[in-house]
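**Q** My questions will all concern the structure given below.
The values are calculated or read from the model by the stated rules, or taken from the named source; none is laboratory data. The shown structure was predicted, so the numbers you read here are calculated from the model rather than taken from an experiment. For neighbour counting, all protein chains shown are included, and Cβ atoms are generated from backbone atoms with ideal geometry for every residue, glycine included. Remember, those area values only see protein heavy atoms, side chains included, never the ligands or the DNA or RNA. Shrake-Rupley method; radii C 1.70, N 1.55, O 1.52, S 1.80 Å.
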Amino acid sequence: MFYDRTLSSRLMLGTAQYPSPQILRDAIAASGADVITVSLRREGQEGGDFRRILKDSGCRILPNTAGCHSVREAVTTAHMARELFGTDWIKLEVIGHADTLQPDPFALVEAARILSEDGFQVFPYTTEDLIVGEKLIEAGCRVLMPWGAPIGSGQGLRHLDALRSMRAHFPDIPLVIDAGIGAPSQAMMAMEMGFDAVLLNTAVAKAVDPVGMARAFGQAVVAGQLAHQAGLMPPRDMAVASTPIFGLAALA
Amino acid sequence: MITVLGAGVAGLCAATALAEQGMTVEVVTPADAPDPVSGLAGGMLAPFCEGDGADPLVTRRGQQSIAWWSARVRSFQPRGTLVLAAARDRAELDRFARATQNHRTVRPDDLEPDLSGRFARGLFFADEGHLDPAEAMASLRSRLTTRGVRFHHGPHTGSRIVDCRGWSARADLPDLRGVRGEMLELFAPQVALTRTIRLLHPRFPCYIVPRGQHRYMIGATMVETADGGPITARALMELLSAAYAVHPGFAEARLIHGGAGLRPAFPDNIPALRRAGDRIHMNGMHRHGFLMAPVLATDLAQQLCHEVIYAN
């Protein structure tokens, strides 16, 4: 449940950098995603035509504050998003580093508090730090979005142990791996680890065939979710034959 | 008489193709029409490079436009395109090579000695070229005038209308959207590049098109907005830092001009001819104006020629 909403797909798709709106539309359909994220910082009020295409996709829209570097910018952008899309959902990004695009946890918590008090349902883009996670929940967030790796880097899940700890530490909070996913196997791994969803953009948008890649990611996320639900076997230190040795037919 | 509305690259190519087929043509631009955004274009004729992102149709058909332009304008330069990436972005070069055709790996210094020592590897697209949009449009205009084609502000007198007004035709084409593009023109006496350079960068890709006499066009941003206001500080910083990454001589360049405009685009970003009543729209040129206008204009002239023959 993401703010009391059940999603039919656990893949969330970003909408930037596609070759064309038509290909974006086809990629969304092929991926099966029913949540898409949209940036506003640079497009501004005049980006209405592109936003209409996104609304027409029938997906639930999660506007984001990508490109914001301060609490004030992020809060202003969130208000603009609410006005333009008529939704309280906001993916909150407050960037700390221009190079790594790492979230600024201090500004993030402050912006999350301001927006939550104002009735927004905040999806904060954060690190895997447990204390920051707790502070975000205190501030009113009911979803956390830890990064897999820096935005657009395609490095996958860089800190597996930290992500495992986070999953164990917040068993009842929906956790979405956001950013850094480069391959369907990485998205699948996140789902196998018990994360609730995966959010990505570049890996699909900049693929040579975005629609094909969107389909691959959609299937990987479903497979990972099924595997997690079905219960993965634990790794063992020794070989265990799956076929009994006794009773084999002697093929002379 | 056929009336062509608009005198950007689409209108001029349409009028040229029609006039060359022997049809009587006039070109009408209302007195208050905005300057054509084609004037801000890079003027790259790069059907293979555009294969990264553009529909395969653009690569396949865009190739025809190279011969079309080289037969008609003086500024056309068949020098190819050199694609580069900084050492840490080498993977971008591999991705680009996979996404495109008709290139070979080169040492950039061998082609552009002024880049000596700066890039270890590049991709060269030998069968591409570039032109100077201002010169090309002026050439087409003067060729048309020589043929007796009249340019005026209206009212139009033709019985058929070919609407090449770009973004101004938006009211008639509801799925047309504007994609903002920002560009710079620099005078860089310390830089001596002879062909189009594309710098691949995960965040700030750019291209540099030589315009002769040490003038360079640096472009271009792509933002999904219909805000056609002046170039932003962000675009200036990004484009200049990307140009500087290609050649440090750009740091001492003089800024001649910074422009911003809206590329008219259909949802698939493919330029197209569309019929609406007795009007034919040639629109949605997106970033392919100079590459695709001759192709659509040739199609248009053939269609209208057939109609005339059929009507007679």
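**Q** Sequence-distant or interchain residues sharing an amide H contact under 5 Å with B:ARG79, placed H: which?
**A** B:HIS130
**Q** In the range B:167-206, what residues drop by 20 Å² or more of accessible area when the other protein chains are put back, versus the chain on its own? Use 1.4 Å, and skip ligands and nucleic acids.
**A** B:ARG170, B:ARG177, B:ARG203
**Q** In the range A:11-230, if the dipole is taken from +1 on Lys/Arg beta carbons and -1 on Asp/Glu beta carbons about the Cα centre, which of A:VAL176, A:GLY224, A:ALA107 is farthest to the positive end?
**A** A:GLY224
**Q** Continuing with this model, one more query. May I ask you to list the lysines whose Cα is less than 21 Å away from that of A:LYS91, ignoring any residue fewer than eight positions away on the same chain?
**A** Answer for A:LYS91, where 21 Å is the Cα cut-off: A:LYS55, A:LYS135, listed by chain and number.
**Q** Then there is this: Beyond 16 Å, what share of the Cα-Cα pairs of the range B:161-210 remains, rounded to the nearest whole percent?
**A** Of the Cα pairs, 63 percent sit more than 16 Å apart.
**Q** Also: Determine ³J(HN,Hα), in whole Hz, for all residues of the range B:10-17 in sequence, where each value follows from phi through the Karplus function 6.51 cos²θ - 1.76 cosθ + 1.60 and θ = phi - 60°; x replaces Gly and Pro.
**A** Coupling constants for the range B:10-17: 5, x, 5, 5, 4, 4, 4, 5 Hz.
**Q** Quick query: amide H of A:LEU92 versus all other amide H atoms, modeled in the peptide plane; which residues come in under 5 Å with a sequence gap of 5 or more or a different chain?
**A** For A:LEU92, whose amide H was placed from the backbone, the distant partners under 5 Å are A:PHE123, A:TYR125.
**Q** In degrees from 0 to 90, rounded to the nearest 10, what is the angle of the helix A:210-230 Cα long axis to the longest principal axis of chain A?
**A** 60 degrees
**Q** Just the Cα atoms of chain B, one point each, no solvent: what log10 I(q)/I(0) does Debye give at q = 0.16 Å⁻¹?
**A** -1.32
**Q** Rounded to the nearest percent, how much of the accessible area of chain A (1.4 Å probe, protein heavy atoms only) is carbon and sulfur?
**A** Of all accessible area on chain A, carbon and sulfur atoms account for 54 percent.
**Q** Determine the total buried accessible area between chain A and chain B, counting protein heavy atoms only with a 1.4 Å probe; round to the nearest 100 Å².
**A** Chains A and B together bury approximately 1700 Å².
**Q** How large is ³J(HN,Hα) for each residue in the range A:61-77, as worked out from phi by the Karplus curve 6.51 cos²θ - 1.76 cosθ + 1.60 (θ = phi - 60°), to whole Hz, x for Gly and Pro?
**A** Taking θ as phi minus 60°, the curve returns 9, 10, x, 10, 9, 3, x, 8, 10, 9, 4, 5, 4, 5, 5, 4, 5 Hz for the range A:61-77.
**Q** Let me ask something else. Where does each of B:3-16, A:174-187, B:181-194 land if you order them by average Cβ count within 10 Å, highest first?
**A** The most tightly packed comes first, giving B:3-16, A:174-187, B:181-194.
**Q** Which whole-number percent gives the relative contact order of the range B:233-312, counting Cα pairs below 8 Å spaced six or more residues apart?
**A** It rounds to 18 percent for the range B:233-312.
**Q** May I pose another question? For B:LEU57 and B:ALA31, compute 0.36 nm times the residue count separating them, minus their Cα-Cα distance, and round to one decimal in nm.
**A** Full extension from B:LEU57 to B:ALA31 adds 5.8 nm.
**Q** Shifting gears a bit: Please state the relative contact order of the range A:48-124 as a whole percent: Cα pairs under 8 Å, 6+ residues apart?
**A** Relative contact order of the range A:48-124: 29 percent.
**Q** Related question: Quick check: the angle from helix B:133-146's long axis to the longest principal axis of chain B, C-alpha only, nearest 10 degrees?
**A** Roughly 30 degrees, rounded to the nearest 10.
**Q** At what distance in nm do the modelled label points of A:ASP99 and A:ARG72 sit from each other, each positioned 7 Å from its Cα along Cα→Cβ?
**A** Spacing of the two 7 Å Cα→Cβ label points: 2.7 nm.
**Q** Evaluate peptide B:217-225: per residue, the Cβ atoms of other protein chains within 10 Å of its Cβ; return the mean as an integer.
**A** Going residue by residue through B:217-225 and averaging, the value is 4.
**Q** Here is a further query. When N is the residue count of the range A:11-230, what does its C-alpha Rg come to as a fraction of 2.2 N^0.38 Å?
**A** Cα Rg divided by the expected 2.2 N^0.38 Å: 0.94.
**Q** Where the only charges are on Cβ atoms (+1 Lys, Arg; -1 Asp, Glu), what is the dipole of the range A:11-230 about its Cα centre, to the nearest 20 debye?
**A** Result for the range A:11-230 is approximately 400 debye, rounded to the nearest 20.
**Q** Let me ask something else. Using the charge dipole of the protein assembly as shown (Lys, Arg: +1 at Cβ; Asp, Glu: -1 at Cβ; taken about the Cα centre), state which of A:LEU92, B:THR145, B:ALA243 has its Cα farthest towards the positive end.
**A** The residue sitting farthest along the positive end of the dipole is B:THR145.
**Q** Taking 22 Å as R0, compute the FRET efficiency from the Cβ-Cβ separation of A:ASP129 and A:MET1 and round it to 0.05.
**A** Efficiency, rounded to the nearest 0.05: 0.40.
**Q** How long is the gain from A:GLN229 to A:PHE106 if the chain were fully straight, where each residue apart is worth 0.36 nm and the alpha carbon distance is subtracted?
**A** So the extension gain works out to 40.8 nm.
**Q** Would you be so kind as to list the residues of the range B:247-278 that have their accessible area lowered by at least 20 Å² in the full protein complex compared with their chain by itself (1.4 Å probe)?
**A** Output list: B:PRO267, B:ASP268, B:ASN269.
**Q** As I understand it, the value is the acute angle between the Cα axis of helix A:21-31 and the longest principal axis of the Cα atoms of chain A; what does it come to in degrees, rounded to 10?
**A** It is inclined by approximately 40 degrees.
**Q** Okay, next question. With a cut-off of 8 Å between alpha carbons and a minimum separation of six or more residues, what is the relative contact order of chain A in percent?
**A** Once divided by the residue count of chain A, the mean separation gives 19 percent.
**Q** How large is the Rg to Rh ratio of the range A:131-252 when both quantities use alpha carbon positions and Rh follows Kirkwood?
**A** 1.14
**Q** Please give the calculated 222 nm ellipticity per residue for chain B, where each DSSP H segment of at least 4 residues contributes -39500 (n - 2.57) and the sum is spread over every residue; nearest 500 deg cm²/dmol?
**A** Value at 222 nm, helices only: -9000 deg cm²/dmol.
**Q** Give me the inter-chain shielding for A:15-21: mean count of other chain Cβ atoms within 10 Å, whole number please.
**A** 5
**Q** Using the heavy atoms of the protein chains alone and a 1.4 angstrom probe, what is the accessible area of chain A per residue in square angstrom?
**A** Accessible surface, normalised per residue, equals 46 Å².
**Q** If you restrict to DSSP beta bridges whose two residues both lie in chain B, what percentage is antiparallel, to the nearest 5?
**A** 65 percent
**Q** Out of every Cα pair in the range B:88-166, what percent are spaced more than 17 Å from each other?
**A** Every Cα pair in the range B:88-166 considered, those over 17 Å come to 69 percent.
**Q** In whole percent, and with a 1.4 Å probe on the protein chains, what portion of the accessible area of chain B is carbon and sulfur?
**A** Carbon and sulfur: 52 percent of the exposed surface of chain B.
**Q** When the scattering of the protein assembly as shown is computed by the Debye formula from its Cα atoms alone, each counted once and equally, what is log10 I(q)/I(0) at q = 0.10, 0.11 Å⁻¹?
**A** Log-scaled intensity ratios, in q order: -0.89, -1.03.
**Q** Residues of the range A:38-54 with accessible area at least 40 Å² lower in the all-protein-chain context than alone (1.4 Å probe)?
**A** With the partner chains in place, the range A:38-54 has these residues losing at least 40 Å²: A:ARG42, A:GLU43, A:GLU46, A:ASP49, A:PHE50.
**Q** Which order do the peptides A:147-154, A:4-11, B:279-286, B:83-90 take when ranked by the mean count of other beta-carbon atoms within 10 Å per residue, highest first?
**A** The most tightly packed comes first, giving B:279-286, A:147-154, B:83-90, A:4-11.
**Q** A further question on this structure: What residue among B:ARG150, B:ARG72, B:ARG98 has the largest mean-square fluctuation in a Gaussian network model of chain B, using Cα springs under 10 Å?
**A** Highest fluctuation among the options: B:ARG98.
**Q** Which residues' amide hydrogens lie under 5 Å from the amide hydrogen of A:LEU62, considering only partners 5 or more residues apart or on another chain, with H built in the peptide plane?
**A** Residues meeting the criterion, in which the H sits 1.01 Å from N, are A:ILE36, A:THR37, A:VAL38.
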